[in-house]
Every structure is written in structure tokens, then in C-alpha cells.
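Please treat every number below as a calculation from the coordinates, not as lab data. Just so we're clear, the structure is a prediction, and the values are computed from it rather than from any experiment. Quick reminder, even Gly has a Cβ in these numbers, built from the backbone with ideal geometry, and neighbours come from all protein chains shown.
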Amino acid sequence: MRNARRRLVVAAATIMSLSLITAACGNEAATEPPPSTAPPAASAPTAGPSDGFPVTLDVYGTPFTVEARPERIISLSPSSTEGLFAIGAGPQVVAVDEYSDFPAAAPTTTLSGFTPNVEAIVAFDPDLVIVSYDPGDLVASLAATGVQVLVLDAAVDLEDVLRQLTILGAVTGNVGAATDVVADLELRVANVLAAAPILDEPLTYFHELDDTLFTVTSSTFVGSVYGLLGLVNVADAADPDGAAFGYPQLSTEFLLASDPDLVFLADSRCCDQDATTFAARPGFADLRAVVDGGVIVLDDDVASRWGPRIVDLLEQIAAAVTQAATR
């Protein structure tokens, strides 16, 4: 499990870096925002017949047209899988990749989003495939068989998550449900930020990806979520030039010297980590977060995906900040 987790960390870094490279290329035309900001929102869909199709919208700067409501969708992105089911498109989904394990109703298969098998995908007779990037020219290979592919890059921030839910609603014919879901998530985010305590000094934190101290910096999607609450990431100093694509591995000495106020463990499932195992590591018992009860266990999947449950993560972080502020 640990080795698999580390492979996913590397893959996540690769996907995110590809997204940033794509955004940077768009900047050369002077029409796109800088890479540190979210991509442009999808344009309002162009309505067709009474069922809403065909529909055309702008997806990350590229026109995307769906001629008819897709009824056999394959998702090779766990984040998009969660989004599809959240907006009511679950009955249209016939297969999802091996890591799409939420919700329980998702038809998980052995399909891979990292090393996709075109023949295995086509065997499900899909009319739409959704991916988070294009591994091995998958888009062109599927297009040659007549299968349309929607690429929804790794989200860059929480606002981008909401944009992707809107896109999914438009391309699947679930516009109303998607609108309601987005409105609910926006309200929850607003409530969290309104209730967040105002501190004289910002709290520092460490977000653990696995028990070898792989982590994230503020430049990553997860880092941006922490940033909404004004937290300072101790790992930023470990990747100042972005050489690790925002996913550096810290040394024990570095973390002990940083002594963060809060520690968030996003490796409870992959590596069986909790507050007790973390404190048992050499030297860690004296960390401020351990002494003050500031070690928080997260759900690995919620903390690593950019689906609608990311707001659950924001709420959990906010609760930890509030508790720390009252100590």
C-alpha cells in the first residue's frame, strides 16, 4: 500500500505540473490569467432542442460540443466520478477506473486512468469518456473509434472545482442539479470563511501524504485550500523553486525545526497513521502539534481529490483552526 501511495503522489505531481504547463502556454496569447489563478469559467451552454442538446461550451479555452445526452459514460478520474454522482448523473455512468471508490454506487472496474487500455474502454460501448489528462494519446485513440473524450484537468483551486461541476452538469444534461450542488457548496464555503477566527499570528501546518514525509506546498491544489484559512505551510521553504512540483519530501530534522502548530495526516488509510503513530516517531513527541493535540487525521481520498467532498476537507481544517485558536 505504501509503494502504491508513493506512485500516486508522483502521478499527482505529474498531472498537476502538466496542468500548469498548459496554463502557462495559454498566457503567451495574453488572453489567459496567470498560472496562479483558476482557468476561465465554462461559457454558458448553447441550447439546442427541448432536451438541451446539442450543447456547446468552452472547456479550458476549447469549444466542446455534445450532440446528444450521454447515457454510457466512463470516468477515469476519481474526482470527476464523485462529481458525476453528486450532480445526479450516476445512472448514466457505466464504468469508472480502479481508484474511483466513492460513492459506493460507482461501478468500479479494473480500468486505469494512468495506463488506459483503449480496447478495454471501448468494450463498454461508451458515448463519453472523462479523464483528468491525456495519457498516451488516449483522446486521439478513442476519437478514432468514435468515442468522445472530455478532459478536465486537475483543479487549481476550490473555485475551479465548482467550475468543473458546472461543466459536468452541462455535458450530461444535469444542469439544474449541478447548479443546486454548486450553490450549496458555495454557501458552505462562505459559512466556513465567515466563522473562521481572526488570529494575531497565522498558524503553521504540515500536511502529510505518507509516513516518509512526502507533503504538499502552497502551490498545489490542496495547499490552496489551506490558504483560504490563512494557514502558513512549513513545507514551502523546502521547495522554493518548485523543483519538486509542489510535492517535496521533508527530512525529520526539517519538520522538527519547523515545529508546526497543526499536523494533518492524509495517510490514515494508506499507511495506518494516526495521532498516536505520528507521536511515536523519534523526536515527534515534543512537536507543538503533538503536545497541544493539533494532529488531525484526514480521509486520504477526500484530501487528495478535487471533487465536491473537498468542502468537507475545508470544514475539517476550519474546525482544527478554531480549536487551536481557543487553546
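Under 5 Å between amide hydrogens, built in the peptide plane, is the criterion, and for Ile296 it picks out Val263, Phe264, Leu265 among residues at least 5 positions away or on other chains.
May I ask for the Kirkwood hydrodynamic radius of the stretch 225-282, worked out over all distinct Cα pairs and given in angstroms to one decimal?
Numbers: mean 1/r = 0.0767 Å⁻¹.
Roughly 13.0 Å, rounded to one decimal.
Between Asp292 and Thr62, the modelled labels are 4.6 nm apart [label points 7 Å from Cα along Cα→Cβ].
Full extension of the chain between Glu98 and Thr212 gives 38.6 nm of extra length, using 0.36 nm per residue less the Cα-Cα distance. Working from label points 7 Å from Cα in the Cα-to-Cβ sense, the Ala257 to Ala143 distance is 5.0 nm. As a test, work out the antiparallel percent of DSSP beta bridges whose residues both lie in the stretch 202-325, rounded to the nearest 5. For the stretch 202-325, the DSSP antiparallel bridge percentage is about 20. Once you reduce the stretch 74-141 and the stretch 155-193 to the center of their Cα atoms, the two points are 20 Å from each other. Under a 5 Å amide H cut-off, with hydrogens placed 1.01 Å from N, Leu128 pairs with Arg72, Ile74 among residues at least 5 apart or on other chains.
Peptide packing: for 160-169, 145-154, 74-83, 306-315, the average count of neighbouring Cβ atoms within 10 Å per residue gives the ranking 74-83, 160-169, 306-315, 145-154, highest mean first.
In this structure, the amide hydrogen of Thr204, modeled 1.01 Å from its nitrogen in the peptide plane, lies closer than 5 angstrom to those of Val232, Asp261, Leu262, counting only residues at least 5 positions away or on a different chain.
I'd like the antiparallel share, as a percent to the nearest 5, of DSSP beta bridges with both residues in the stretch 41-185.
35
For the stretch 74-81, 3J(HN,Hα) computed residue by residue from phi via the Karplus equation (6.51, -1.76, 1.60; θ = phi - 60°) reads 10, 10, 10, 9, x, 5, 5, 4 Hz, glycine and proline entered as x. Taking a point 7 Å out from the Cα of Arg327 in the direction of its Cβ, the residues of the stretch 251-282 whose backbone N falls within less than 12 Å of it are 260-264.
Can you tell me the FRET efficiency between Ala195 and Asp299 if r is taken as the Cβ-Cβ distance and R0 is 22 Å, rounded to the nearest 0.05? Each step should come with its number before you reach the end.
Working: r = 22 Å, r/R0 = 1.00.
Using R0 = 22 Å, I get an efficiency of 0.50.
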